[in-house]
1. Expressed in nm to one decimal, what extension gain is obtained for the pair Asp141 and Thr276 from 0.36 nm per residue of sequence separation less their Cα-Cα distance?
2. Just add up the charged neighbours of Thr180: K/R +1, D/E -1, any other residue whose Cβ is under 9 Å from the Cβ of Thr180.
3. Based on the mean of other beta carbon atoms within 10 Å per residue, what is the order of 212-225, 254-267, most packed first?
4. Compute the label zone of Gln37 within segment 68-100: residues whose backbone N is under 20 Å from the point 7 Å along Cα-to-Cβ.
5. Determine the sum of side-chain charges near Glu215: Lys and Arg each +1, Asp and Glu each -1, restricted to other residues whose C-beta is under 11 angstrom from that of Glu215.
6. Probe radius 1.4 Å, ligands and nucleic acids ignored: give me the carbon and sulfur share of the accessible area of segment 55-106 as a rounded percent.
7. What are the trypsin sites (Lys or Arg not before Pro) within segment 79-139 that DSSP puts in a loop, where the Cβ has at most 16 other Cβ atoms within 10 Å?
8. Treat each spin label as a single point 7 Å out from the Cα along the C-beta direction, and report the Ala56 to Thr204 distance in nm.
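The values are calculated or read from the model by the stated rules, or taken from the named source; none is laboratory data. From a predicted model like this one, the values you see are computed outputs, not experimental measurements. Note that we place each Cβ from the backbone using ideal geometry, even for glycine, and neighbour counts take in every protein chain shown. Accessible surface areas use protein heavy atoms only, side chains included; no ligands, DNA or RNA. Shrake-Rupley method; radii C 1.70, N 1.55, O 1.52, S 1.80 Å.
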Amino acid sequence: MAALVSNVVPEADLAATLDGSVPLAPAPQRAPPADRQEMPDVETSSERYTLRFRGASGAYLLSVQEAGIIKLLDNGAVLPGRMVLDVGGGHMQLAGPLTRRGAKVTVFGSEAACGRRWSASALAGQVQFLAGSLLSMPMADQQFEVVVCIRLLSHMEDWRALVAELCRVARHSIVIDYPTLASLNALSLFAFPLKRAIETNTRTYRSFRDREVEEAFAQYGFLPVASYRQFVLPMAAHRLLGRVGLLRWVEAGLRAIGVTQLIGNPVLLRLDRVKT
């Protein structure tokens, strides 16, 4: 059974529509089979994972991610007053930026432990936290106007099932990220041991073809409307070199001449539900 964690918004409130009209019918609290209990966000929600973003280089990587997500959401214009679900967001990288722009944020994790950083943060009084199966979330259909899912898709074995669930709970827009093979990231298939040596706590992950991601969402009526590619240089290189000023200058130059949007990685992608 999906677990509710303290300071969770009542189910009736969570099911309410954005414009204050009659709430949607609550989804049943369904317990998925044990073999569908995937929990890769336990690692990304841990204090150990935050070490990957320590220092100036880590702050820079997160600032690019934040800028890309906000840009995809119409520079934040779609956020004020909207209910936003941050799936796998126990890392708390997005809850603050989204809340500051007026969104009503709920963070969802695969187990209660994913809420440790949330409960220790100053946002615990503003942001809600829920825990349960990532593949069978205790949410009504189309309950959230916007769903974001960062640092999760590439670590899911049954990633297509996650796509289906994101599409089920999203009313209008979904923002995801994924490593693409159409970039220098393709070289990481051969250089993964070096990446692990640099980052020490990196995990294996799946890289995608852009088309296979888009086709997976299209099955559920979501089509891509905008993308934001983050870096040309591998993120591990940023962490290794740590020369934020120089590398930021290089990345800015590559973005200005259009290279980043061609081969940058990871990809941030916004998909919208097709109106019928």
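1. Answer, rounded to one decimal: 47.0 nm.
2. Numbers: positive: Arg209, Arg229; negative: Asp210.
My count for the surroundings of Thr180 gives +1.
3. Order by mean packing, descending: 254-267, 212-225.
4. Residues 88-90 qualify, since their backbone N sits under 20 Å from the label point.
5. 0
6. Answer for segment 55-106: carbon and sulfur cover 52 percent of the accessible area.
7. Details: sites: Arg82, Arg100, Arg101, Lys104, Arg116, Arg117; in loops: Arg82, Arg101.
Nothing satisfies the criteria.
8. 3.7
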